[in-house]
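Enquirer: Before we start, here is the structure in question, set down as structure tokens.
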Amino acid sequence: MANNIKITIITVTYNAEKILEETILSVLGQTYNNIEYIIIDGGSTDNTIDIIKKYSDQITYWVSEPDKGIYDAMNKGIRIATGEWINFMNAGDSFYSQRTIEECAHFINHNSDVDILYGNTIVTYKNEKYLSIPKEISLLKKHTVFCHQSSFIKTSLLIQYKFNIKYKILADYNLFRSLFFNKYQFKYIEQPISNYESENGVSATQIQKVELEYAQIKYANNKIKLFFTYIKIYIYQIIKYLIPNTIIESRKRKLRSKDLYLKKITK
């Protein structure tokens, strides 16, 4: 049966009164009946807490307190989780359909060797929707190939590896890359798992910081390559003020297409 594993959904949030409720309803509306729902708030000062309290009788656990950033909050959720598998569906993101968790649990139950399950993502950028299809998993050596919102990871692995909070943007990539190099089994399910708004996220708005963290992760043991990557990034920061915004936008598109296949969804 597909409902015999307990799945923990962790939502990390901070001052997200405009976007949190959609995420909560997406989780609570799932057809799967063995879900633990945890919300970790970073000490919001807007109406975020009021929204959480509105649904508190359906939320397994929630807390609001200062943290050291999104990945520190995600680690807090991991420590509290009692499910066998975890998905991180943070404020502003949502599941693709009401049956998403049920379908993923069914896949997990029929693939006993899976450690990390990942799938497609519906990405919204500049009011357009795109189907993001992960590239070959071997490319994790170089860059992200799927969104963490569209993945389910064994809790035991997350407890063992955790997110390295020195990375403010790509700690999820660092973790998945570590799991890949340690020979854990990634399995792809050919369906969308999450809806993700990419235009205003940190990784979309702070391109140079993204490239810097990629370099720090990939070249942690190669100081020469890391040094020259630093130089390249800082030169780009200088010249970006001298070139048109259209070129900057082109740069953003190039980085996104490098990480993920994006196919525009037409009505």
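Enquirer: What's the number of the condition SER132 fails, among (1) more than 17 Å from ILE116 (Cα to Cα); (2) touching a residue at least 40 places away in the same chain (Cβ under 8 Å); (3) not in a strand (DSSP E or B)?
Expert: (3)
Enquirer: Determine if the range 220-227 includes at least one residue that is within 16 Å of the chain's Cα centre (by Cα) and either closer than 21 Å to SER138 by Cβ or modelled with pLDDT under 95 (or both). Quick ask: steps written out before the conclusion?
Expert: First, pick out the residues of the range 220-227 that are within 16 Å of the chain's Cα centre (by Cα): none.
No, the range 220-227 contains no residue that is within 16 Å of the chain's Cα centre (by Cα) and either closer than 21 Å to SER138 by Cβ or modelled with pLDDT under 95 (or both).
Enquirer: Right, another one. Residues in the range 69-108 that are within 22 Å of GLY29 (Cβ to Cβ) and assigned to a helix (DSSP H, G or I): how many?
Expert: 10
Enquirer: Okay, moving on. For ALA204, all conditions in the list (1) more than 26 Å from ALA105 (Cβ to Cβ); (2) at pLDDT 95 or above; (3) among the hydrophobic types (A, V, I, L, M, F, W, C); (4) under 14 Å from the mean Cα position of the chain (by Cα) hold save one; what is the number of the exception?
Expert: All conditions pass for ALA204, except number (2).
Enquirer: Could you run through the range 157-180 and say how many residues are free of Cβ contacts under 8 Å to residues at least 40 places away in the same chain and surrounded by fewer than 19 Cβ atoms within 10 Å (Cβ to Cβ)? Walk me through it before giving the result.
Expert: Here is the first cut: in the range 157-180, the residues free of Cβ contacts under 8 Å to residues at least 40 places away in the same chain are 160-161, 166, 175, 178.
Applying the additional criterion that residues be surrounded by fewer than 19 Cβ atoms within 10 Å (Cβ to Cβ) yields 160-161, 166, 178.
Residues flagged as free of Cβ contacts under 8 Å to residues at least 40 places away in the same chain and surrounded by fewer than 19 Cβ atoms within 10 Å (Cβ to Cβ) within the range 157-180 amount to 4.
Enquirer: Only one residue in GLY119, GLY92, GLY83 is surrounded by 17 or more Cβ atoms within 10 Å (Cβ to Cβ) and in contact with a Lys or Arg (Cβ under 6 Å, 6 or more places away or on another chain). Which one?
Expert: None of the others qualify; the one that does is GLY83.
Enquirer: Just wondering, is there one or more residues in the range 215-228 that are under 20 Å from ASP67 (Cβ atoms), among the aromatic types (Phe, Trp, Tyr), assigned to a helix (DSSP H, G or I) and without any contact (Cβ under 8 Å) to a residue 24 or more places away in the chain?
Expert: Residues of the range 215-228 under 20 Å from ASP67 (Cβ atoms): none.
The answer is no, given that none of the residues of the range 215-228 is under 20 Å from ASP67 (Cβ atoms), among the aromatic types (Phe, Trp, Tyr), assigned to a helix (DSSP H, G or I) and without any contact (Cβ under 8 Å) to a residue 24 or more places away in the chain.
Enquirer: Given the residues THR124, THR48, which is the only one that is over 28 Å from ILE5 (Cβ atoms) and surrounded by 20 or more Cβ atoms within 10 Å (Cβ to Cβ)? I'd like the intermediate steps shown before the answer.
Expert: Working: THR124 fails: surrounded by 20 or more Cβ atoms within 10 Å (Cβ to Cβ).
Sole residue among the options that is over 28 Å from ILE5 (Cβ atoms) and surrounded by 20 or more Cβ atoms within 10 Å (Cβ to Cβ): THR48.
Enquirer: Please verify whether ILE39 is in contact (Cβ under 8 Å) with a residue 24 or more places away in the chain, assigned by TED's automatic domain parsing to the domain that holds ILE101 and assigned to a strand (DSSP E or B), treating the condition exactly as stated. Please lay out each step first, then the result.
Expert: Details: in contact (Cβ under 8 Å) with a residue 24 or more places away in the chain: yes; assigned by TED's automatic domain parsing to the domain that holds ILE101: yes; assigned to a strand (DSSP E or B): yes.
So ILE39 passes the test.
The values are calculated or read from the model by the stated rules, or taken from the named source; none is laboratory data. Quick caveat, the model's predicted, so the values are computed rather than measured. No Cβ is skipped: glycine too gets one built from the backbone with ideal geometry, and neighbour counts run over all protein chains shown.
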